[in-house]
Structure formats: C-alpha cells, structure tokens
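One structure is given here, and the rest of the page talks about it.
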Amino acid sequence: NFVETDDFVAPGKKEVTFAFTSPSGSIHTELGMLTEFLRSYDRAADQDWSIIVMGNPTAQRHLSAAGFSRGTILTRMFSDFDSYLATVATAETVLIPLSDSGFNRAKTPIRLMDAAVAGSQVVFSPVGSYETIRDALHDPALCVAPGDWGEAGEHLIPLLSHTETTTADFQQAVRQCFGVAAAKECYRALFIEELGLDKPIPTPLPRSE
C-alpha cells in the first residue's frame, strides 16, 4: 500500500497531546505497552496532558480506568475517513506501540501513513514495514523498541516538544518509502522490469483458409 497524495498537512498548533487509533488483532499486547508508556510519561510530566483514543472500546475502557494523575482520556469512535484524519490532526503525537509478532510484522504501516498525512509526529515500534520508516528518518529518536515502552514516556519528554522538526522528518520518510514517487517506482519495477509489460503483445496472424 502507498499514500495517495504527497500533500501532507503542515505541522502546527495542536489541541491534544497524544492520539491512539486502536487496532483489533493485537490490542491486548499493545494496550499493555501503551499503558506503561503513559504511566512513565504521567510520572514525569510537569503539566496536564490528554490522549484521544479512537476505535476499539476495550482500549477506551482500559485507559479511562487507568487513573493517570495528570492525564485526560478523550474517546472518539471511527466514522468516515476524512473525520478520522481530522481527529488525528488535532494530536501532537500519535502513539503506535507494536509487539514483535508475526501478525505485526506482516502489517502495512497504515496508521503511520495516516499520521503523516494528518501532520502529526509519531512514536512507534520499528516492527516489520515500520522498520523501513525508521531507516529513512534523519533522527529515529522517537522509534521505541517493543520492550522499551515502559520507560520511554519519561525519556522522550524533552524530544516530544520539537514537533515541527520531527513531524517534517517523519513526513519526508513516509514520502520516500510510501509516497507517490515510491508507488510509481514499485509499479514500474513490477510491470516493466519483472513482467515486461512495456513490450507489445504479439497478435496472432489470421489463419489462411
């Protein structure tokens, strides 16, 4: 999969601290990673923070009951795609914790692409296709290995304030790996180099009577 446009929203002023667009297949493992990240962040935060939780009701109930001292949990259901992107765009940082499982290694980084289009920076696990983005970043400091989410919230606080720089770096990495030019090159390699579909297909001559 590729993004359909290179016209990404420029990073700017945001309304909430985090967003989590919760999946289904690995939700329980990811919720543990996310909760520990937010606990770490909450312990060290010097101001109130908020997180939008979209989608899976399990995530909404779990985080609402976690009892963060400075955090506010905002819940939103998925609707149409434009509304979803508009909601993601209100967050400074999208959180994408991923366990290193076969399920996650086979995923296309859709949530990461959506964040790039919406103009939000991302803290993510470099698992499967997400590794491609990590390797294309100028500064991969917001990439967190699956086993390190428990302390990452506190450690990343100084870095999360550089939203414009990190978002622009992240968006450029997505363009490079999954943007329009990358899609064109992928299709060219497949249809021309591998399948040779740029050559005319011979038309059989009609049989003589």
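Take segment 1-128 with all the other protein chains still there, run a 1.4 Å probe, and you get 43 Å² of accessible area per residue. Protection proxy ranking of 14-21, 117-124, by the mean of other Cβ atoms within 10 Å over each peptide's residues and highest first, is 117-124, 14-21. Label-to-label distance for Ala168 and Asp7 is 2.1 nm, based on points extended 7 Å past Cα in the beta-carbon direction.
All other residues whose Cβ lies under 15 angstrom from that of Ala152 are scored, Lys and Arg at +1 and Asp and Glu at -1, for a net of -3.
The values are calculated or read from the model by the stated rules, or taken from the named source; none is laboratory data. In this text the structure is predicted, and so the values were computed from the model without any measurement. When we count neighbours, we look across all protein chains shown, and the Cβ atoms used for this are built from the backbone with ideal geometry, even at glycine. Note: areas computed on protein heavy atoms with side chains; ligands, DNA, RNA excluded. Shrake-Rupley method; radii C 1.70, N 1.55, O 1.52, S 1.80 Å.
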